[in-house]
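Let me begin by presenting the structure, written as structure tokens, before commenting on it.
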Amino acid sequence: MADPIRLRVRLPASIGAVRNAWTDATALRHWLADHVEAEPGRYAFWGRHTPQGEKPRQRPLHLDDRTLRFSWELSGEETIVEVLLEEDAGSTVVTLSQTCFEGAYSGYPVGIALTVFWSLALGNLTDHLMDRPTTPKCDYTARDLRTEVAIGAPRDAVFGSLTASEEFSRWFGLPVEIEPYVGGSWTIRRGGPIGTVRALEPGRLLSLAEDSGISTWELEDHDGGTLLRLGLSGFDPGSPPYPGWTGWLSAVSSLRRYHELADWRPIWLDT
């Protein structure tokens, strides 16, 4: 059995509001999944935005005011997801854990695939609770991995946060080192991908090569802010790197809050 995953976030809402977001089907359909059943004796979510989401695979185990626990069958293995809620100075700290097993999903270890899935989900939960637009979810049925997102900040500011190592590290939450010129190296330390800068047009375009493919970030002025077009290419179309794509979508979620919130601080806490 592989080590469980564990994530902790501070959310800007009361325990009651956070608990409702985890247990109300309408709320769950907004920030987590296409299809949801959440009622006494039933807790399930599925659809194209859920790994192996062609059918519901969850069943409830426990629910009280501060704890949600359910099983989630993946690749024939039962995993247990636990969500714990704690009050913290007007906010709520959520600790999410999920048991894992040895194996791979879309070319990634199961633990990494689940970590990025929940990272994007928790980012979208944050925005849901703040009544902000959520970031597009990963479509686990797609062969074309691309999306576009409006960011309420000037284009040059957004581009700068993608090409300055210190600033990139600040909003991304992990130490990033990038040499902002074509052929320069970039790396996410602590086991992240290592690659090269494939293309760069100041203020407009950044393309990064990595093991899972080529991520392309295109920026243009839009409604007083920035329109970011993000895509991932250069992979085997028969086996899209969904976890890698989900990781970038989670990064975009963090990038949006970093630029749009006047009192920004990271939602992530040490585990």
*Using the Cβ atoms and a cut-off under 9 Å, what net charge is assigned to the surroundings of SER161, where Lys and Arg are +1 and Asp and Glu are -1?*
0
*region 166-271 - charge dipole about Cα centre, Lys and Arg +1 at Cβ, Asp and Glu -1, debye rounded to 20*: 220 debye
*Treating only the Cβ atoms of Lys and Arg (+1) and Asp and Glu (-1) as charged, compute the dipole magnitude of the chain about its Cα centre; round to the nearest 20 debye.*
180 debye
*Cα long-axis angle, helix 110-129 against the chain (0 to 90 degrees, to the nearest 10)*: 90 degrees
_Computed [θ] at 222 nm, deg cm²/dmol, the chain (DSSP H ≥ 4; -39,500 (n - 2.57); rounded to nearest 500)_ = -8000 deg cm²/dmol
*Report in % the part of the accessible area of region 2-130 that belongs to carbon and sulfur, leaving out ligands and nucleic acids; probe 1.4 Å.*
47 percent
*Specify the residue with the greatest mean-square fluctuation among ASP34, ASP236, ASP156, computed from a Gaussian network of the chain linking alpha-carbon atoms under 10 Å apart.*
ASP236
*Mind checking which of LEU227, PRO136, THR50 is farthest towards the positive end of the chain's charge dipole, using Cβ charges of +1 (Lys, Arg) and -1 (Asp, Glu) about the Cα centre?*
THR50
*So how far apart, in nm, are the two label points at ARG48 and ARG132 if each is 7 Å from Cα heading toward Cβ?*
2.6 nm
_Size descriptor, Kirkwood hydrodynamic radius, that averages inverse alpha-carbon separations across region 138-247, Å_ = 14.4 Å
*Among ALA38, ALA121, ALA209: highest mean-square fluctuation, GNM of the chain, C-alpha pairs under 10 Å*: ALA38
*What number, in nm² with one decimal, is the all-direction average of the projected area of the convex hull of the alpha-carbon atoms of region 29-145?*
8.0 nm²
_Kirkwood hydrodynamic radius over Cα pairs of the chain, then Stokes diffusion coefficient at 20 °C and 1.002 mPa s, in µm²/s_ = 111 µm²/s
*If you keep only loop residues by DSSP, which trypsin sites (Lys or Arg not before Pro) in region 222-258 have at most 16 other Cβ atoms within 10 Å of their Cβ?*
none
*Non-local amide H neighbours of HIS35 (under 5 Å, H modeled in plane, Pro and chain starts lacking H): which ones?*
TRP46
*Charge sum, other residues only, whose C-beta stays under 15 Å from GLU179's C-beta, Lys/Arg counted +1 and Asp/Glu -1*: -2
*List the GluC sites (Glu not before Pro) in region 100-174 that DSSP assigns to loop (not H, G, I, E or B) and whose Cβ has at most 16 other Cβ atoms within 10 Å. Which are they?*
GLU102
*So what is the accessible area of the chain per residue, in Å², with the probe set to 1.4 Å?*
46 Å²
*For region 33-102, take the alpha-carbon Rg, divide it by the Kirkwood Rh, and send me Rg/Rh.*
1.01
*What part of the accessible area of region 145-239, given as a whole %, is carbon or sulfur when the probe is 1.4 angstrom?*
48 percent
*For the chain, find the longest principal axis of its Cα atoms and tell me its angle to the long axis of helix 242-260, 0 to 90°, nearest 10.*
80 degrees
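The values are calculated or read from the model by the stated rules, or taken from the named source; none is laboratory data. Note that the coordinates shown come from a computational prediction; the quantities given were computed from them, not determined experimentally. Here the Cβ is made from the backbone with ideal geometry for all residues, glycine too, and neighbour counts use every protein chain on show. SASA here: full protein model, heavy atoms, side chains in, ligands and nucleic acids out. Shrake-Rupley method; radii C 1.70, N 1.55, O 1.52, S 1.80 Å.
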